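One structure below.
The values are calculated or read from the model by the stated rules, or taken from the named source; none is laboratory data. Keep in mind that this is a model prediction, so the values were computed, not measured. Note that we place each Cβ from the backbone using ideal geometry, even for glycine, and neighbour counts take in every protein chain shown.
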Amino acid sequence: MSETSTETGTGTAETPASTTGATIELENLTKRYPGNSDPAVDSVNMEIKAGELVVFVGPSGCGKSTTLKMINRLIEPTSGRIRIDGEDVTDMDPVKLRRKIGYAIQSSGLFPHMTVAQNIALVPKMIGWSKSKTKARVEEMLDLVGLDPAEFHGRYPRQLSGGQQQRVGVARALAADPPVLLMDEPFGAVDPITRDHLQDELIRLQRELHKTIVFVTHDFDEAIKLGDRIVVLRERSHIAQFDTPEAILTNPADDFVSGFVGAGAALKRLNLTRVRDVEITEYPTVNVDDPLQDIFNKLRAAQTNELLLLDKRGRPYKWLRRGDLMRARGSLARAGTLVHDTVTRDATLRDALEAVLTDNAGRVAVTGHRGVYEGVVDMETLMNSVHELLEADRQDAVEHQHELEDQRSLQTHQAQEGPGGEAEV
């Protein structure tokens, strides 16, 4: 899913201090292609704050990816200026520029003939980091994206799942610690469950690293979930609205933006609330290494009539109900129901609700770093949150209606008074 730069060159041998994001300013940024009368991107003006995750969303062919690629000059602008942290980089050597900018794409973009470690180490080696610093950084990045360095260090991309490849892609994009990360539909080629988990990982990483991230997607739900702010783009990257997800959901600028929001704006606001914002309850658990008698005893004592079986790494493995072990003749391999889906604390309430409804069991396990179990969110908690959102929307609608009625009343009163301030006869 990624690459920071594949250009060769020299650079500092020292690992830079941990950097946060950088501001990005686009001034009248334009791209024209020969033979076309209309520009592909027409005079984009935009300022992105340091440490902000901004999502470009718009119809296919609107110019969102072209705009993104002009920031690191994979596509050279025809005119306009690009500033990063106040520095005009429009005419900078593009090789030097790309070392300051991570770049993540769909389908990982990993080199198939290189191991995971070699892929991640690529840019640090190019800019002159020492072997020891590079090795330490590779292990740090693997751990950061939730992959065990000892297990994944020597694997090749073909030996990874799609989600694992995407994680390695993110690790490579961030390996040289760039202040800016560009992501062009990075999660578009994976299944929906993996995509949700990768989105959660990105949210967690951003909370830790505070990079400036520009993310392109055609999926408005993804934009709501990820973005601090969203740029809704028309043709030629004309900005229809640039605002927070909540502001766009509650007050779309026009019919074009409303079309992207779609129906069910109230339920889409479930994407604005995280699992960490609601009650995560404890649930009785047992481990696969526990003696069978201890598991039997805990099942008898459980008020929920159910236990969550954890694997050797503390990750949710199976739901065990009363009678499961008896029917399976005491074999954990045959007993219980496999856990098909989990959510992280960074998942949205919409993710959690979909997981609960898909599993049809009224609850979903919450996991932390490397999938370790942390608790459970149940249907009652989620439905309470839905009701609160719907009630808040209802109250907002009532208040808005009252404001409209007050305005009409004032206009009627002014019309009756006439221009002189006295009531007309």
Seminar exercise, completed: Of the residues in the range 298-317, those that are modelled with pLDDT of 85 or more and either hydroxyl-bearing (Ser, Thr, Tyr) or exposed (fewer than 14 other Cβ atoms within 10 Å of the Cβ) (or both) number 3
For this session: List every residue pair whose Cβ atoms lie under 6 Å apart, where the two residues are 6 or more positions apart in sequence or sit on different chains, the first residue falls within the range 264-277 and is under 13 Å from residue 346 (Cα atoms) and modelled with pLDDT under 85, and the second residue, located anywhere, is basic (Lys, Arg) and assigned to a helix (DSSP H, G or I).
Result: 270/350
Exercise. Of all residues in the range 242-285, which are closer than 18 Å to residue 55 by Cα, among the hydrophobic types (A, V, I, L, M, F, W, C) and either over 22 Å from the mean Cα position of the chain (by Cα) or not in a helix (DSSP H, G or I) (or both)?
Worked result: 242, 253, 256
For this session: Quickly run through the range 20-44 and pick out the residues that are crowded, with 16+ Cβ neighbours inside 10 Å and farther than 11 Å from residue 80 by Cβ.
Result: 21, 22, 23, 24, 40
For this session: Please go through the range 26-78 and pick out each residue that is aromatic (Phe, Trp, Tyr) and under 22 Å from residue 104 (Cβ atoms).
Result: 56
For this session: Scan (1) outside any strand (DSSP E or B); (2) closer than 30 Å to residue 391 by Cβ; (3) free of Cβ contacts under 8 Å to residues at least 40 places away in the same chain for the single condition residue 224 breaks and write down its number.
Result: (3)
Problem set entry | Filter result (part of a helix (DSSP H, G or I), free of Cβ contacts under 8 Å to residues at least 40 places away in the same chain, farther than 12 Å from residue 117 by Cβ and over 18 Å from the mean Cα position of the chain (by Cα)) within the range 152-185 | 159
Exercise. Can you list the strands (runs of 3 or more DSSP E) found entirely within the range 1-103 that contain at least 1 residues being in contact with a Gly (Cβ under 8 Å, 6 or more places away or on another chain) and modelled with pLDDT of 95 or more?
Worked result: 24-31, 41-48, 53-57
Problem set entry | Filtered residues of the range 353-377 (kept if in a strand (DSSP E or B) and over 19 Å from residue 286 (Cα atoms)) | none
Problem set entry | Neighbours by Cβ (under 7 Å, 6+ apart or cross-chain): first from the range 84-98, assigned by TED's automatic domain parsing to the domain that holds residue 45 and farther than 18 Å from residue 31 by Cα; second modelled with pLDDT of 95 or more and not in a loop (DSSP other than H, G, I, E, B) | 84/24; 84/180
For this session: Among the residues of the range 262-271, write down those that are surrounded by 14 or more Cβ atoms within 10 Å (Cβ to Cβ) and either assigned by TED's automatic domain parsing to the domain that holds residue 220 or closer than 17 Å to residue 394 by Cβ (or both).
Result: 265, 266, 267, 268, 269, 270
Exercise. So which residues in the range 99-128 are among the charged types (D, E, K, R) and touching a residue at least 60 places away in the same chain (Cβ under 8 Å)?
Worked result: 99, 100
Exercise. Just one of 174, 182, 209 is at pLDDT 95 or above, of a type outside the set (Phe, Trp, Tyr) and out of contact with any Pro (no Cβ under 9 Å at 6 or more places or on another chain); which is it?
Worked result: 182
Exercise. Does the range 149-163 contain any residue that is surrounded by fewer than 23 Cβ atoms within 10 Å (Cβ to Cβ), assigned by TED's automatic domain parsing to the domain that holds residue 51, closer than 30 Å to residue 63 by Cα and at pLDDT below 95?
Worked result: yes
For this session: Determine whether the range 248-260 contains at least one residue that is surrounded by fewer than 18 Cβ atoms within 10 Å (Cβ to Cβ), closer than 30 Å to residue 363 by Cβ and modelled with pLDDT of 90 or more.
Result: no
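Conditions (1) over 26 Å from residue 95 (Cα atoms); (2) of a type in the set (S, T, N, Q), marked per residue:
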| position | (1), (2) |
| --- | --- |
| 119 | no, yes |
| 134 | no, yes |
| 141 | no, no |
| 159 | yes, yes |
| 166 | no, yes |
| 176 | no, no |
| 185 | no, no |
| 193 | yes, no |
